[in-house]
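Report on the structure given below.
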Amino acid sequence: MKVHLRTLGCRLNQSEIDTMARHFRQQGHEIVESPAEADWMVVNTCAVTHDASRSSRRLVRDMHRANGAADIHVTGCYAQISAAEAAALPGVVSVVDNLDKDRLVERVTGQPLEPYDLEPLVRANKLGAYGRTRAFVKVQDGCDNACTFCVTTIARGAGRSRAAHEIVHEVNALHLLGYQEVVLTGVHLGSYGHDLGDHDGLYHLIEMLLAETDVPRLRVSSLEPWDLSPDFFALWQNPRLCRHLHLPLQSGCDATLKRMLRRTTQAQFGALVAAARAAIPGVSITSDMIVGFPGETDAEFAISESFAREMDFSGMHVFRYSRRPGTAAARMRAQVSEDDKKLRSARLIALAEQGERAFAESFIGQTCDVLWEQVAGATGDGFINVGYTDHYIRVRCVHPRALTDLITPARLEGFDGQHLRATPVIP
Ligand code: SF4
């Protein structure tokens, strides 16, 4: 059968849809780019904000409009918290619970699956499952925290970790499939192993992956700051671990952090960032920030903005607080007006852009390894290749060859606002 897959939201959703693609292929089905060709469609939805829920509904309607004959299977956080509404959308034949998501492919196809046996794909040389050079591997799901704005704990349930040997096996298989970079993802990645009785579980998992796999690049996605001890950064002595840490702060004001029930403070977060920078020269530190959390006054926002400036992030995702049903923050008084949220968000976005530019420009004149991920077009002089340094700076070069899937040194020459321009150094 032909299957079309779509996802919205976080890297975890992306990793799940990539895994579904591999599993459908493993069972002999074909992944198609166009919804019009599909017999089945899977939509992995998001509910992190009000807008994300609306986009999820719109995507399902668009899929049905594109191909009214296909069966649509819906899963993800929007489908979890609004299951009846999702089931009533046009074309939807099933809503798959988040807790059952890992078995979605079996449910859709009716065929049992050997979950991590990718050997048939390797043998058949079906490389690049879902057309990426970077694979996202879910190592953990769910969260035991209770941040008051977060709908994820409602939608994803309690924290649970996959067995380390299974993850090692999967990373080795992905490397065999041709992937050059693996990104470890989870809802609350830093808690990996806690449910298995290992409070340094993520440290041990990364150590094991560096020792028992040869994938050239290993990257960790978002890590809650309170999960990390300064010792954690010793892992970066191995250059295969990408020098990028995404540490969601959410607010730089202690009073706001307290209402958010975030388990960190300005002082703790600042000390952690200093320890990371001391241990990992050149590390990129990015963050998530929420503006307009209930009760955030102009003075609280000013503290938050000033602390974000002090942290000198090389990028920030800025979210306007959005009231999510069932969360404690939705019931808080002193909700902030949409106009104030927009103003604050514009200020932080400007700061984020400044930080991104300054970080990228600090590499001009240096030579860094770049994993070339795609060809974005061509000029009279060659292909426009786009890739990333291990710090996750986007790089672009024009070269007579398509360099996709290669890691090459590249001399970084200038920043155009989106990419560092580079010349690959290829013998
Ligand atoms: S740590 Fe907080 S924000 Fe992150 S998933 Fe858990 S409850 Fe949500």
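For the range 124-177, the set of residues classified as at pLDDT 90 or above, within 23 Å of residue 198 (Cβ to Cβ) and either out of contact with any strand residue (DSSP E or B) (no Cβ under 8 Å at 6 or more places or on another chain) or not assigned by TED's automatic domain parsing to the domain that holds residue 332 (or both) consists of 143, 144, 145, 146, 163, 164, 165, 166, 168, 169, 172, listed by residue number. Within the range 136-189, if we keep just the residues that are more than 18 Å from residue 102 (Cα to Cα) and among the acidic types (Asp, Glu), the residue that is farthest from the chain's Cα centre (by Cα) turns out to be 144. Just one of the numbered conditions (1) under 20 Å from residue 188 (Cβ atoms); (2) within 16 Å of the ligand (Cβ to nearest atom) is not true of residue 256: (1).
The number of residues in the range 98-115 that are closer than 26 Å to residue 54 by Cβ and surrounded by 15 or more Cβ atoms within 10 Å (Cβ to Cβ) comes to 4. The combined condition, being surrounded by 16 or more Cβ atoms within 10 Å (Cβ to Cβ) and over 27 Å from the mean Cα position of the chain (by Cα), is fulfilled by residue 91.
Working only within the range 150-200, note down all residues that are of a type outside the set (A, V, I, L, M, F, W, C), in a helix (DSSP H, G or I) and within 16 Å of the ligand (Cβ to nearest atom). Don't jump to the end; show me each part of the working.
Going through the range 150-200, the residues of a type outside the set (A, V, I, L, M, F, W, C) turn out to be 152-153, 156-157, 159-162, 165-166, 169-170, 172, 175, 178-181, 185-186, 188, 190-195, 197-200.
When the remaining residues are screened for being in a helix (DSSP H, G or I), the result is 152-153, 156, 165-166, 169-170, 172, 175, 190-191, 194-195.
Within the range 150-200, 152, 153, 156, 190, 191, 194, 195 qualify.
The number of residues in the range 382-405 that are modelled with pLDDT of 90 or more and part of a loop (DSSP other than H, G, I, E, B) comes to 9. Go through the range 367-389 and give me each residue that's of a type in the set (Gly, Ala, Ser) and surrounded by 21 or more Cβ atoms within 10 Å (Cβ to Cβ). Within the range 367-389, 387 is the sole residue that qualifies.
When you check residue 407 against the structure, is it of a type outside the set (Gly, Ala, Ser), touching a residue at least 12 places away in the same chain (Cβ under 8 Å), touching a Pro at 6+ places or on another chain (Cβ under 9 Å) and not assigned by TED's automatic domain parsing to the domain that holds residue 300, yes or no?
Working: of a type outside the set (Gly, Ala, Ser): yes; touching a residue at least 12 places away in the same chain (Cβ under 8 Å): yes; touching a Pro at 6+ places or on another chain (Cβ under 9 Å): yes; not assigned by TED's automatic domain parsing to the domain that holds residue 300: yes.
Yes, satisfied.
Right, residue 275: closer than 16 Å to residue 230 by Cα and either in contact with a His (Cβ under 7 Å, 6 or more places away or on another chain) or assigned to a helix (DSSP H, G or I) (or both) or not?
Details: closer than 16 Å to residue 230 by Cα: yes; either in contact with a His (Cβ under 7 Å, 6 or more places away or on another chain) or assigned to a helix (DSSP H, G or I) (or both): yes.
Against the criterion (closer than 16 Å to residue 230 by Cα and either in contact with a His (Cβ under 7 Å, 6 or more places away or on another chain) or assigned to a helix (DSSP H, G or I) (or both)), residue 275 qualifies.
Which residue pairs have Cβ atoms under 9 Å apart, sit 6 or more places apart or on different chains, and have a first residue in the range 145-165 that is of a type in the set (Phe, Trp, Tyr) and a second that is away from the ligand (no atom under 11 Å from the Cβ) and in a loop (DSSP other than H, G, I, E, B)? Partner pairs satisfying both residue conditions: 149/293; 149/294; 149/321; 149/322; 149/323. If only residues of the range 25-45 that are of a type outside the set (S, T, N, Q) and at pLDDT below 90 are counted, the one that is surrounded by the fewest Cβ atoms within 10 Å (Cβ to Cβ) is 28. Residue count for the range 36-61 satisfying the condition of being under 24 Å from the mean Cα position of the chain (by Cα) and touching a residue at least 24 places away in the same chain (Cβ under 8 Å): 18.
The values are calculated or read from the model by the stated rules, or taken from the named source; none is laboratory data. Since this is a predicted model, take the numbers as computed values, not measurements. FYI the Cβ positions are ideal-geometry reconstructions off the backbone, even for glycines, and counts take in every protein chain you see.
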